[in-house]
Structure formats: C-alpha cells, structure tokens
Amino acid sequence: MKKYILPIAIVLLCFNTHAQTERTIKSSVKKAIVYLQGAQLSSSENVMLPAGNSRLVFEGVSPHLQEASLQVSGKGSFVILETQYMLKYKEHLVTKSDGKYNRQISMIEDSLEENVYKKTDAENRYNTLELEKKMLMSNKTIKGESQKDSLPILQQGLDFLRERLNNIMAAELKISRELKRIQKSTTDLEQRKQDLLNLQNGISEEVADAQPVPQVVVSVFAEAATSAQLTLQYYIANASWTPFYELHGDGNTNMVQLKQLATIQQQSGLDWKDASIILSTATPNQNSIKPQLPIWYIYNQQVYYNEGLKNIPRAQNKQAYKSNQGAVSDNDKLETKDEVAAEDMSQYTTISQNILLTEFELKLKYNIPNDGQKHYVAIQNKDLPAKYFFSAVPKLDTKAFLMAQITGWEDLNLIPGNAKIYFDGNLAGTTAINPDITSDTMLLNMGRDNSFVIHKRRLKDESKERIIHDEVIKTYTYEVIIKNTKAISLNMRVEDQIPLVQVGLADVKVVLKDGDGAKYNELTGKLSWDYKLGAKESKKIVFSFEVHSPKGRVLAGL
C-alpha cells in the first residue's frame, strides 16, 4: 500500500500548483485621453502571478465604462485567456444571535430612561405654572371684590396680572416645545431599539451598500510564477474638453501673444488623481464611414400649369406659358431651394499631430475630480507677428475697433473657440477664433476703441434726381468725418458700401460715381479707405453713387 503514496502526492501537488487562484486588485486611472466629447481611461497595475490559472478582479473602474471599448493588454510571460466586465452586488450581512448589539441596546435604554426624567421635570414645571395662573385669577383684588381697594390699586393689580400672565404663558409655550422634542426623541430611540433587537434575534438583515461595484475580470495563465503588468483601456462618454483663448496685445510691440487654454470636465464616477492627461481633437463617436456617390440620372420632367393651360406640359407650350404669365398664381411658380513670469502648464505641453487628429499632452500630472465642474489648464503660449490698425464701419457703428492681422498661426493646430482680448494688460472684450480659413493671415478683433470721433451723414444738397427720357437717375452722396483724438499717428481703415441690384432686375443698375479714392469690390459693393491719421488730425470722405431705373419703378432698400 505504501508504494502508491508517492505518486498520489505528486498528482495532488501538480493539481494544487495549477489550480485557479483569484485576486482582487484596486486600480485607479493612470492616464486619460480626453476628447472633445468622451474620454479613454487607462489603468495599469503590476502583479505577481503564480504558476497556473489566475483570475484577476480589477475594481476601481468607471461604472460608465462602455463594454464594447474594453481592451486588456499586458507585459510579461503569461497568456490572457479571457476578459469580462461585470457588476458585483454586495451580499447581505446576515447577523447571528451573538450579542453583537447588546452595547448599543443598553445605551438606547439609558437614553430612554433619561427622557422619562426630562419629561417628568418638564411636566412638573408646567403644572406649577398652571397652579400659579389659577391663584392669580382667583385673587379678590384682581376680581374687584375687595371693598377697601381703590381704583388705583385695582389698576396696579391688573397691570401686574397682565405682565405675570404673559410670562407664565411664554414659559408654558417653551415647556410644550420641550415636551414635543422629548417625545420625538423617545419615539426614534424606541424604533432604533426595536431594529437592533430584530437584528440581534436574526429576524432582519443589515444590508451593506446596495450600489453595484463595477469589475473587470481577467483570466490569465502562466507556466511559472512571474511578474506581470496589465493595462486596462476603455471609453466613457461622461467627459469632455473645450478650447478657449486669450489674446494679449501690446501697443509697444508688433506682436500678439496667443494663449490657448482648455476646460476639462468629467463625471466618470472616479476621481482622476495624479493622472497623465492628453487632450485630443478626435471624435470617436462620429460616423467614420465614407459616403458613397449614387448614380446621377437626368430625366424629362413634365410640369403642368393648372390655370389657363390645364394638362399642357411646359416643354410643349413655352410660348403659351410666356403669353399667360400674368395668369399664373404665385403658388404655381417653380421654386428652387438650396440648403520672467510664473510658469504655467503651457510650458509642459507636447503637441503632436497626425493626418487625423492633434493631441496636446500635459507633462505634469493632474487631479480632475468627479464633479462635472470646469477645471482649467494651459496648452500653449505663442508670440505671433501682428500688424495693428483701426477699423470703422460708420454705417453700423460710430466707434472704431482695433484689429490685429497676424501671420504664422497655421502651425499652432488651433480649433474654433471663444477668446478674451487683453490690450496693455486690460480686458478689452471678447471675440472668436476661427482657424477654418484658407488665408495665410488671420484678422482678430482686439476690442472697441474710443480714440476716434466718427460721423456719417447724407448730403441732401448733393443728392438729386433727374429724368432722361424714360429713365430715372437718382444720385446719393454721403459724407464721413473721422478725427483722431490721440497725440500719436494711427492707421485707420474705413469701410462702407453701395447697394447691389437684385438678380432679375436687369433694367436697374447702380453706378459708383465718386469713390473718393476707395478700393471698390464690384461683387460685394464694399468700399474701403486706408489712411494714416496724424495726431489730432481729421479726415473727410465724400462718396456718391447713382441708381438708374425705369420711370415708374418703385425701389426698396435705399
């Protein structure tokens, strides 16, 4: 019989060596790639694996984890067999009749006994006041039954009664409130005592935290005991970052400092403590399927007109249609519609770009709590060459605006966002950054300026109307006066416009008669003048245009 002992021991040893072990690991967010909407969270943990199968249970993952995005990778001599996401509910704690709650029950009984004494004391004081009140009310002087009492004595007695009764009633009200509090405390203590007795006797169960615990369970196999590093990655939707900017102008230099910042928000269910943060311009949830062009056909369309030309195709009756245009209602017409300062985080940001996205990696660790609030970080600071000038649109506003025309912005990987404007250290206003332009220069609004006095008026003496044959020619003349109130020379651009003729009015035309040296854009009707105004210098601009139209035609918009 002894000869079988050794082989059996060896078999049992091998079985125990390769038996599955389970280990719970408390993980935390080590890295977060935050998208404009959503985030990819990563947790990386080092563990020692025994030989054989192991079941690693990772807790500390987000309850908003999207299971389809879960990825588990590792480094070491082991094999990842299976990955599973699950919610674990804490078990009920079943109590036994072992006297666990005796001390709490005893303390509650002491409090109940104390409440009895407090109640008795309060009731005694209340009864004493009631007795005093009855004695006062039965006094002969108060009742006016004493024949020896004079009217002044009676008046003094009534004053005393009034004052004393007020004091007694106030004291009784205070005692009534005290009795009510004692009664509520007694009721709560008795209920708590009964609950503890039920737990003591096993009649009820004490429930632990009912919230489920999200877990990622990873099954692995190792030939021999080894160290391993496992990394969990998954996507959540409850996070985002928003870009915004600060523009700092300096009147003494031809530069604009552009600060790119971001606000980060997250409600992942986890606090990100000492986490590496990467801000990405990617949009993971956006449809990434390239649209397919359908075959484009042309075909013969029969269009019918119901009034005067019933059931007659347009293609066959063009001449008839033209002769009856006046009889066609608006609803029958065809319509076509188109549709040496302190450093900030920007010193510790690395920007990388590929053909799909841009990433801003913050080199310092960050704490982003699970509060849904905005947390500010700086991404980059750049000094950009700028050409400053003032611009005015007298037709719409009598103030001038400081503009900065900057170059070199294309390499900054900017995305659209709002911006605060600072000039010479003072907040000057707000604007928007729109990098989705094809020009190599970007025009930035640096704020409103009150250094110019601007007036625009129509010169009625120069505006006139004349008729030549069947044509009416109206002349409109305007005057713009601009004065520089500063003691230095400033560059100024003035913008105005003349009207354009709406498509379809072939017999109407607008002619720029005198632009006073303006640059004229015939496609938009815009006029612009560039001047260098000296200190305290004024400039007058006079421009005029003519509108030619048939006699009897009424035009709107002038």
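The values are calculated or read from the model by the stated rules, or taken from the named source; none is laboratory data. Bear in mind the structure is a predicted one, so any value in this text is a computation, not a measurement. Here Cβ is always computed from backbone atoms with ideal geometry, including for glycine, and neighbour counts include all displayed protein chains.
A single member of 70, 81, 87 is over 23 Å from residue 273 (Cα atoms), among the aliphatic types (A, V, I, L, M), within 39 Å of the chain's Cα centre (by Cα) and not in a loop (DSSP other than H, G, I, E, B), and it is 87. The residues in the range 447-471 that are assigned to a strand (DSSP E or B) and either crowded, with 17+ Cβ neighbours inside 10 Å or at positive phi (or both) can be counted, and the count is 5. Just for the range 371-397: of the residues that are hydroxyl-bearing (Ser, Thr, Tyr) and modelled with pLDDT of 90 or more, which one is nearest to residue 249 (Cα to Cα)? Residue satisfying both the conditions and the ranking: 391. Residue check: residue 486 meets all listed conditions (1) under 43 Å from the mean Cα position of the chain (by Cα); (2) farther than 30 Å from residue 419 by Cβ; (3) not hydrophobic (A, V, I, L, M, F, W, C) but one, namely (2).
The set of residues in the range 38-58 that are of a type outside the set (Ser, Thr, Tyr) and within 18 Å of residue 362 (Cα to Cα) comprises 38, 39, 40, 41. For residue 382, indicate whether it is assigned by TED's automatic domain parsing to the domain that holds residue 538, of a type outside the set (Phe, Trp, Tyr) and surrounded by fewer than 18 Cβ atoms within 10 Å (Cβ to Cβ). Taking the combined requirement at face value, the residue does not satisfy it. Filtered by the rule that a residue be of a type in the set (S, T, N, Q) and either within 60 Å of the chain's Cα centre (by Cα) or not in a helix (DSSP H, G or I) (or both), the range 115-135 gives 115, 120.
Where residues in the range 387-433 are among the basic types (Lys, Arg) and more than 15 Å from residue 247 (Cα to Cα), which of them is surrounded by the fewest Cβ atoms within 10 Å (Cβ to Cβ)?
Among those that are among the basic types (Lys, Arg) and more than 15 Å from residue 247 (Cα to Cα), it is 395.
Could you pull out the residue among 360, 389, 423, 401 that is among the aromatic types (Phe, Trp, Tyr) and within 23 Å of the chain's Cα centre (by Cα)? Just a single option satisfies the conditions, and that option is 360.
Residue 444 meets all of the listed conditions (1) modelled with pLDDT of 90 or more; (2) part of a strand (DSSP E or B); (3) within 29 Å of residue 534 (Cα to Cα) but one, namely (1).
Of all residues in the range 405-416, those that are in the same structural domain as residue 386 (by TED's automatic domain parsing) and of a type outside the set (Phe, Trp, Tyr) have Cβ atoms under 7 Å from Cβ atoms of residues that are part of a strand (DSSP E or B) and modelled with pLDDT under 75, 6 or more apart or on another chain, in 413/351; 413/353. Taken across the range 513-520, residues that are within 42 Å of the chain's Cα centre (by Cα) and assigned by TED's automatic domain parsing to the domain that holds residue 536 do not occur at all. The residue of the range 514-535 that is modelled with the highest pLDDT, among those that are part of a strand (DSSP E or B), exposed (fewer than 13 other Cβ atoms within 10 Å of the Cβ) and touching a Ser or Thr at 6+ places or on another chain (Cβ under 7 Å), is 519.
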